[in-house]
Structure formats: structure tokens, C-alpha cells
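The values are calculated or read from the model by the stated rules, or taken from the named source; none is laboratory data. Just so we're clear, the structure is a prediction, and the values are computed from it rather than from any experiment. Because the Cβ atoms are built from the backbone with ideal geometry, glycine has one as well, and the counts that use them run over all protein chains shown.
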Ligand code: NDP
């Protein structure tokens, strides 16, 4: 609403309210309502993604060298189950974007500005889906869970609703809520939303600024990386440790597509053209952040996959041997990597992610606070996630974790935190 009514200024609406020139009710009254067009658009969008997810087994892994897709196994759940997943996100992303470009350049079924033009009406639809899926997941957890042994009931209704009861809710054999909602429709939409913002700039100003190109390119890299590594993603915290509730359900439907795309939205209202030096600096920061993020994640993945029989930075990796007990009382062995980026800080992958996030924001210049939301939010999210993860690892590995923290004393930034 700050963007829609106040050209993305956060202070102008507050000053208006403070000076009595407007009230929250006035701002609310000017907010576009849901429309039939937006509802139809959103329903078709989600239905199309469901179709791509459920009906089209992956064929990308057959011809893309190095890409791992198709039927893959997730990590062992706390109750000892191993789920199978149909990994076909890259294919869904490619088909969706091919259709988008075919429409923009050949078919002209709808204008490429369609997402921007229906932005707030679509927000209501996304909220409807977000709350419906979270509520459904809650009811399902109580009455017909997919795997009852993996459910978590805390005794606090609101906590259960927010953080989820079921670990891996599914409909039928293949429709996995976490994999679907985490990746599609939100992350597939991310790049389309940015393209729609770029198209709006073109329509309004007759050109697309270099800042908009940077935001589109850097974020597209991040999104493509996500889908290229979707199988690896099955082993990350969201899938391996979090339960599915409002935090993931609503977050994936509303928070991610609406707040991760604020830079592009801002640039529609403020078409910033960066100097070449500024643009190159932003690009380099974005690429360096991405490199650290990807390499750190790759090093841990390689190390775990090969059980340490690999080279990291040209050397045999150093590791800490750990023992832990799962919920079923069984003892397991694991290893914590102390080489490469995992020897620099305990979550240097998050540091790389934060550098990339800062680059998106810096692409928007220094005129307003709103496009900096992303770096502020990511810093809070990843710091909290780091502490949450370390708390879990400390109770999982006990003394072995203490040995790791003694060997690698810093979390995100050596010498600072
Ligand atoms: P990590 O990939 O860092 O996984 C943490 C887990 O890795 C720990 O729970 C532990 O699991 C294992 N581990 C920790 N230290 C070591 C070590 N030294 N050696 C081997 N294994 C170790 O975290 P996430 O799943 O949160 O993040 C994955 C990526 O996704 C990150 O790069 C993050 O930046 C990104 N991300 C982005 C988000 C966004 O909104 N843009 C949101 C969330 C994540 P185990 O129990 O197996 O030992």
C-alpha cells in the first residue's frame, strides 16, 4: 500500500497519519479489492503449477549433464521414514518461462505487465491460499496425518498452527506440501514477477533501467540455482527439520512472492539508472555472494555424499566425528566438516546469501528504505535460523558439537559474530 498510494515511501503515510491528513481507514479504503480477474488469474496460475508438479515426471535429468532430478529420496525423518520425491522444479520453471516469453513475443494472450497491474487484488488471492493451506494442514495433522509418528503436538494451539504439526504432509503418494509450496508457486513466480515489473518500466518510461536489469539477473540466478539444486534442497532445514504450518504455508504463498520482490516493485515507481561504477560494484558483490553461498553449500553436500572421501580446496577435508541418537533410540554416526568455508565460520553459506541480498538492495540506490527491507529481513531470518540450527545441533551432537564450536568459533563473520 505504501507503494500503491505513496510511491514506495514508508515515512509519507506515517507523516500523513501523524499530521491527521489521513487515517489507516482512508488508506484501507483506497486499497484495491479482490477482483474476479485476479481470482481467475491466480486460480489458473496455481492449477497450472499443480499440473506441472503432479502430471509431468521430470525429463530434464535425461539430457542436462550434472542435473539431478526425477524420483529422489529425502533425508531420514525423526521417526525413521524416508520419503520419495518427484523432483521436477527446473522443468516447471523452464516450461513456465518459455510460455511467458512465447506470450510476450508471439502470442500476446495477456500483457506482460499483468502481474503488476493486478498486484494488490492478487495479494488477497495469495492470502486466501496461504491461510487455506495452513488451516488445512492443521486439520490434516489432527485427523488424517500422512505419517502419525512424525507429528509434533506442543499443547499450544497457536504454536501448532504457526509452526505446523505434520512433518511431511502429503495428498496421495506424490503431492508433497513442503516441496510444492516451498518451490512453486512462490519461487517460480519470483522471476515472472520481476519480468512483469521490468515490462511495466518499459511501458511507463520507454526503457528498462540498468538497476532493474541487475535485480532481474541476480535474482534469476538465485532462483535458477534453487531449481538446479532442488534435490540438494531436500536435505536443507525447511524440508529436514521444520514442520509444515502457517510459517511455511503462508510464508511461501504470500511473504516470499510479495516481499522478496520489493526491489523490482520499487524500481517501477523509481526508475533508478545507476552509474557504471555503481552497477559494476553491485554486480561484483552479487556474484561474489552467490559464489560463496553456492560453494559453501556444495562443499557440505560433497563432503556428506562422499562421506569425506573428496577434496576441498585441493586437500583432504578435516572433520569431527559425531554420534547421536534418533527418536527411535538408534545410535547413528555423522561428521561435521571443518575445512573449506565450514572452517571459516559455522554458517558461511548464510554470509554469502546475505552478500547477494545486499547487492539486490544496493541496486536500488539510496533514495528510500523500502527496497532495503530484503537485507534487513534476511539478516534477521538467517541470524535467527543460525541460532535455531545451532541449538538443535547442540542438543543432537552434545559434546561433539562443542568440539566443533571450539574448532570454528565464529558463526557468520570471523572475528565479529
Ligand atoms: P544449512 O545448509 O547450513 O544446514 C544446516 C545443517 O547442516 C545443520 O542442521 C547440520 O545438519 C548440518 N551441518 C551444520 N554444520 C555442518 C558442518 N560443519 N559439516 C557438515 N554438516 C553440517 O542450512 P539451511 O538448510 O538453513 O540453508 C541452506 C541454504 O539455503 C543456505 O545457503 C541459506 O542461505 C539458504 N536459505 C535461503 C532462504 C531464503 O529465504 N532466501 C531461507 C533459508 C535458507 P545435520 O543434522 O545433518 O548434521
Would you call residue 379 touching a helix residue (DSSP H, G or I) at 6+ places or on another chain (Cβ under 8 Å), more than 9 Å from the ligand (Cβ to nearest atom) and either at pLDDT 95 or above or not in a helix (DSSP H, G or I) (or both)?
-> yes
Regarding residue 342, is this residue near the ligand (Cβ under 8 Å from one of its atoms) and either over 24 Å from residue 190 (Cβ atoms) or part of a strand (DSSP E or B) (or both)?
-> yes
Sort out which residues of the stretch 317-339 are closer than 19 Å to residue 149 by Cα and either within 30 Å of the chain's Cα centre (by Cα) or more than 13 Å from the ligand (Cβ to nearest atom) (or both), and write them in order of number.
-> 326, 327, 328, 329, 330, 331
Considering only helices (runs of 4 or more DSSP H) wholly within the stretch 190-251, the ones with at least 2 residues that are over 13 Å from the mean Cα position of the chain (by Cα) are 210-228, 230-233
Of the residues that make up the stretch 355-375, is at least one within 13 Å of the ligand (Cβ to nearest atom), touching a strand residue (DSSP E or B) at 6+ places or on another chain (Cβ under 9 Å) and either without any contact (Cβ under 8 Å) to a residue 24 or more places away in the chain or assigned to a helix (DSSP H, G or I) (or both)?
-> no
Any chance residue 126 is within 24 Å of residue 35 (Cβ to Cβ), touching a helix residue (DSSP H, G or I) at 6+ places or on another chain (Cβ under 7 Å) and either outside any loop (DSSP other than H, G, I, E, B) or not assigned by the TED database to the domain that holds residue 236 (or both) = yes
Got a number for residues in the stretch 288-312 being more than 11 Å from the ligand (Cβ to nearest atom) and touching a residue at least 60 places away in the same chain (Cβ under 8 Å)?
-> 2
All but one of (1) over 18 Å from the mean Cα position of the chain (by Cα); (2) surrounded by 15 or more Cβ atoms within 10 Å (Cβ to Cβ); (3) farther than 30 Å from residue 1 by Cβ hold for residue 128; which doesn't?
-> (3)
Tell me, which helices (runs of 4 or more DSSP H) lie completely within the stretch 58-119 with 2 or more residues that are in the same structural domain as residue 194 (by the TED database) and surrounded by fewer than 14 Cβ atoms within 10 Å (Cβ to Cβ)?
-> 60-63, 89-102
Residue pairs within 7 Å by beta carbon, gap of at least six or interchain, first lying in the stretch 168-185 and farther than 13 Å from residue 248 by Cα, second in a helix (DSSP H, G or I), listed first then second, are 170/177; 174/54; 175/54
Do we have any residue at all in the stretch 22-40 that's surrounded by 14 or more Cβ atoms within 10 Å (Cβ to Cβ), within 22 Å of the chain's Cα centre (by Cα) and under 30 Å from residue 238 (Cα atoms)?
-> no
Which residues, counting only those in the stretch 239-252, are surrounded by fewer than 19 Cβ atoms within 10 Å (Cβ to Cβ) and within 10 Å of the ligand (Cβ to nearest atom)?
-> 240, 241, 242, 251
When the stretch 61-80 is checked residue by residue, the ones that are within 16 Å of the ligand (Cβ to nearest atom) and either within 22 Å of residue 188 (Cβ to Cβ) or in contact with a helix residue (DSSP H, G or I) (Cβ under 7 Å, 6 or more places away or on another chain) (or both) are 74, 75, 77, 78, 79
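Given the criteria in contact with a strand residue (DSSP E or B) (Cβ under 8 Å, 6 or more places away or on another chain) and either crowded, with 17+ Cβ neighbours inside 10 Å or modelled with pLDDT of 95 or more (or both), does residue 181 qualify?
When the stated conditions are applied, residue 181 does not pass them.
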Take the stretch 382-416 and flag every residue that is surrounded by 12 or more Cβ atoms within 10 Å (Cβ to Cβ), part of a loop (DSSP other than H, G, I, E, B) and more than 10 Å from the ligand (Cβ to nearest atom).
-> 398, 410, 411, 412, 413, 414
Within the stretch 277-290, track down each residue that is closer than 22 Å to residue 379 by Cβ and touching a helix residue (DSSP H, G or I) at 6+ places or on another chain (Cβ under 7 Å).
-> 282, 283, 285, 286, 288, 289, 290
